[in-house]
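Encoded as structure tokens, the structure appears first; notes follow it.
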Amino acid sequence: DQQVKQNSPSLSVQEGRISILNCDYTNSMFDYFLWYKKYPAEGPTFLISISSIKDKNEDGRFTVFLNKSAKHLSLHIVPSQPGDSAVYFCAATLTSYGKLTFGQGTILTVHP
Amino acid sequence: GAVVSQHPSWVICKSGTSVKIECRSLDFQATTMFWYRQFPKQSLMLMATSNEGSKATYEQGVEKDKFLINHASLTLSTLTVTSAHPEDSSFYICSALLAVSTDTQYFGPGTRLTVL
């Protein structure tokens, strides 16, 4: 049972435009969500997170939106840069539980 | 801050040998570390949770006698793949919780294991 799903395996965006990566979850107990960026043969790098008490968190070019009623979160990257090209994983957890449940990942390609 | 290192970054070994992978938190103390493996084009799969000074908790389907985990100090956890076989070839990644009060995991760079 895939509790965290990223239904788009890939996304292609032009440099300067907005990239929107989506993630859905099924476990309503999850109350903390994270986005990680990963290059091949490297460990994931933490990007941004959001608690379930918020619906938006912004950090520079990255904004995460959370819609609890729809059990959906999204990562917006504006403006997109070629260096953003990587695999993006969303993850969810229960506060103080520790374990992360990852989505399958979305390959983002930003074209110059 | 929040840097996690792994050693080695890649290793090739013969079938039947054992391989030890180290995970260190360089600038913080991590009471909890996690071990993941990733197969090509797949998501990260949690193998086990490692708590300092206690036995690791393994996920369902992960053989604890094959994947030995030791968390002897607040900055070091080790994963030993015993009697490795070609099907154990994978990318192994560790992560560490920055503090008890946070749920953000910081990941190491990963170790590529190839078993011949």
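FYI, it's all coordinate maths here, none of it is from the lab. Fair warning: this is a prediction, and the values are worked out from it, not measured in the lab. In this analysis, Cβ positions are derived from the backbone assuming ideal geometry, glycine residues included, and neighbour counts consider all displayed protein chains.
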Any hit, the stretch A:96-104, residues being more than 20 Å from residue B:108 (Cα to Cα), in contact with an Asp or Glu (Cβ under 9 Å, 6 or more places away or on another chain) and facing another protein chain (nearest Cβ under 8 Å): yes
Within the stretch B:36-50, tally of residues that are surrounded by 14 or more Cβ atoms within 10 Å (Cβ to Cβ) and more than 16 Å from residue B:80 (Cα to Cα): 4
Failed condition for residue B:20, given (1) in a strand (DSSP E or B); (2) within 14 Å of chain A (Cβ to nearest Cβ): (2)
Within the stretch B:66-86, tally of residues that are more than 12 Å from residue B:52 (Cα to Cα) and in contact with a strand residue (DSSP E or B) (Cβ under 8 Å, 6 or more places away or on another chain): 10
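One line per residue, one yes/no per condition, for (1) within 13 Å of another protein chain (Cβ to nearest Cβ); (2) in contact with a helix residue (DSSP H, G or I) (Cβ under 7 Å, 6 or more places away or on another chain); (3) not hydrophobic (A, V, I, L, M, F, W, C):
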| residue | (1), (2), (3) |
| --- | --- |
| A:26 | no, no, yes |
| A:31 | yes, no, yes |
| A:39 | yes, no, yes |
| A:47 | yes, no, no |
| A:54 | no, no, yes |
| A:58 | no, no, yes |
| A:63 | no, no, yes |
| A:71 | no, no, yes |
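Rundown of residues vs (1) out of contact with any Asp or Glu (no Cβ under 9 Å at 6 or more places or on another chain); (2) of a type in the set (Val, Ile, Thr); (3) on the phi > 0 side of the Ramachandran plot, yes/no style:
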residue: A:3; (1), (2), (3): yes, no, no
residue: A:18; (1), (2), (3): yes, yes, no
residue: A:27; (1), (2), (3): yes, no, no
residue: A:52; (1), (2), (3): no, no, no
residue: A:67; (1), (2), (3): no, no, no
Residues of the stretch A:41-72 classified as touching a strand residue (DSSP E or B) at 6+ places or on another chain (Cβ under 8 Å) and closer than 30 Å to residue B:90 by Cα, total: 8
Residue within the stretch A:18-28 that is in a strand (DSSP E or B) and more than 30 Å from residue B:92 (Cβ to Cβ) present: yes
Strands (runs of 3 or more DSSP E) lying entirely in the stretch B:35-116 (those with 1 or more residues that are within 24 Å of residue A:105 (Cα to Cα) and more than 9 Å from chain A (Cβ to nearest Cβ)): B:44-51, B:90-97, B:111-115
